[in-house]
1. Taking a cut-off of 16 Å between Cα atoms, list the lysines near Lys76, but don't count ones fewer than 8 places away on the same chain.
2. Which order do the peptides 99-110, 436-447 come out in when sorted by mean C-beta neighbours inside 10 angstrom, highest first?
3. Along each of the three principal axes of the Cα atoms of the stretch 58-178, give the extent in whole Å, ordering the values from largest to smallest.
4. Between Glu498 and Ala28, what is the FRET efficiency for a Förster distance of 51 Å, r being their Cβ-Cβ separation, to the nearest 0.05?
5. Starting from the Kirkwood Rh over alpha-carbon pairs, what translational D in µm² s⁻¹ does the stretch 428-470 have by Stokes-Einstein at 25 °C and 0.890 mPa s?
6. Given the Cα-Cα distance of Thr146 and Tyr13 and 0.36 nm per residue of separation, how much length would full extension add, in nm?
7. Less than 10 Å Cβ to Cβ from Val119, Lys/Arg counted +1 and Asp/Glu -1: what total charge do the surrounding residues give?
8. Could you tell me what % of all Cα pairs in the stretch 332-452 have separations over 26 Å?
Amino acid sequence: MKKSTRVSEYRSYSWIKEQLKNKGWNPANPNVESRGQVWEQNEAQSHPELAKGLGAQKPEFVARITDISFWVIEAKQSGEIGNAIDEAQMYADNINTGSTIVQARLATGVAGDDQSGYVIRTKYLNSSGQWEKVTADDQVYGELLTNREALRIIAADSANLSDIPLTVAEVVEIGKYINSKFHSAKVTKERRALIVASLLLALERDPSLSYRNSDSVFIADVNSRAREAFAYAGKEDLWDRLGVLPEGDGSDKIAVVLSEILIKLKFHDLLNTARSTDLLGSFFESFLRYGNTSKDLGIVLTPRHLCWLAAEAVGVTKYDVVYDPAVGTGGFLVAAFNRVTESATPMERDEFASNGVFGVEQSDHVAALAFVNMYFRGDGKHNLKIDSSLGLRLNLTDGYEKLSFKEGKTIQDDEFPAVTKVLMNPPFSLPDANEAEIFFVDAGLRQLVRNGLLFAVLPASVLYDSQYSAWREELLEQNTLLSVIALPTDLFYPVATETVGVVLRKGIQHGRQNSVLWIRLTDDGFKKKKGYRVERYGIGYKEFLSPVAAALRRWVQSGIETLETAGRLEFRPLEHAEWLPQAHLGTGILLDEDFEWQVRETYRQMLTQQLQVPFEAANDHSHDDVFGGER
């Protein structure tokens, strides 16, 4: 190599380090500073797992994303971007081949100098073992990654930065920021998520919305644009009844706070996030987390990954009519809509949004959030009703093409069921005995067609307590029990609730020799952290839960049994009065792959302690244990 070439590459080093620092990385050597993230040249040899694959090779930079995920950066002179990315990818492949503990999932080539400028290209190694170009807005991404971007690419297993949704951890942090702003302005907890919803609606109607030095004008702008959305859906009365943002005296106290929150919403592109996930539900739960409001209402919002699992299990399609009799903020309906969107045409998607999703919610405030969720998905006009579902029926009437809600439980002669899938998480432990969880299950089943499917999240006590034994027996007289899933004990953390997922098929008596799919889901890919459950970086929940979702889907839809795992997933007849998986599953054994995983985890922990590098230390200054949970 010519001396001038090496000089050119050396000169780019300081520029790359400065760029990494500006992008939020700690450029210090991890061997010297525990929170450092960047090794230069031979410094990476001190990491025993990296050294296995690199041997005597010396990549320009290796950045630590997490304890097991790394990023290789290689520099070349101007015009040699192809060589730069090829070498970076080669070093990464060598690391991956040499170690079973760590992986280099990102490779970047940098070519250029201060005079001619720099060209940057990055590739990502996906879970299928293929290298993909990192893009944003359908264009090759030409910048060094921020620490957050690197983490999100790995967590989502996607090289397209534009398509990567916010993680639960990111939503939690944004929610905390917004919550603190509302707290300073003395906004009540019940109104906070509604105000965020109003801002998102206003932003959707006018992307240029901003604060322009007038408190009253800004509040009026937000109100008028949000009301337009409610008016479009024929729900002006709901908007007026809620009185989300009163105008007049005192508007100056909240206008500045709203402008700061609006900036946050724009910066994180939360309008786009709200179109793909139940963002408002996450905020609503966050804002009420430290109050008693959610407990008093019996509100335990369903985590979005469980909503996804339910929609996968029953196999929601564009031909279905999906109903949630306890809709909350709409998490299940959002998951159903998202599943249909994956394969439907725009016209089919709009048709499903208009005629394929229905829900009932008793609380005005919560129902308004569900309405906004459905509005972002193309509807919201007629499909959400504010009432108790226990005294309603949802059916087709002769001569009409669309389902409608009617008072009373009894189906009339000119009516017939049309709902094909029910997804629900009814309120738990309400003070009124007439609103017990079992009555919501009954209400859901009444709306279903014969052979329709119901997925319900219920307190485990409903399946073992003797006071519900007669109800369970009666249920089997007219329906088939397909599966029961024991959900993680901390699923609704910090609320201490042991829960199960139950799948039923309507209209066919359960045979005593019928197999039931019993599942014990002890790990869903999330960890506890500061009062919340968040994803473990590097593991997308869809990838993590896909084996369980596939087993459920094949059994529920086609009656096909998958390979059993003792103590975790088994097909057995209902043999006990208690419908708990724990009563039907055999004793689990430690499989070879489990043993290997345990060894790797232990070694990783020892390696981490040796290097004195806290898990995710660079972007997370808490003192979480390496494998989840708080110390």
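Taken together, the values in this text are just the output of simple stated rules run on the coordinates, not laboratory data. Keep in mind the model is a prediction, meaning the values are calculated, not measured. Here the Cβ positions follow ideal geometry from the backbone for every residue, glycine too, while neighbour counts run over all protein chains shown.
1. Cross-link targets: Lys2, Lys3, Lys17, Lys58.
2. 99-110, 436-447
3. Here the spans come out as 45, 37, 22 Å, largest first.
4. 0.65
5. Calculated translational D: 211 µm²/s.
6. Roughly 46.1 nm would be gained on extension.
7. Local charge sum for Val119: +1.
8. Values: 1499 of 7260 pairs.
Cα-Cα pairs of the stretch 332-452 separated by over 26 Å account for 21 percent.
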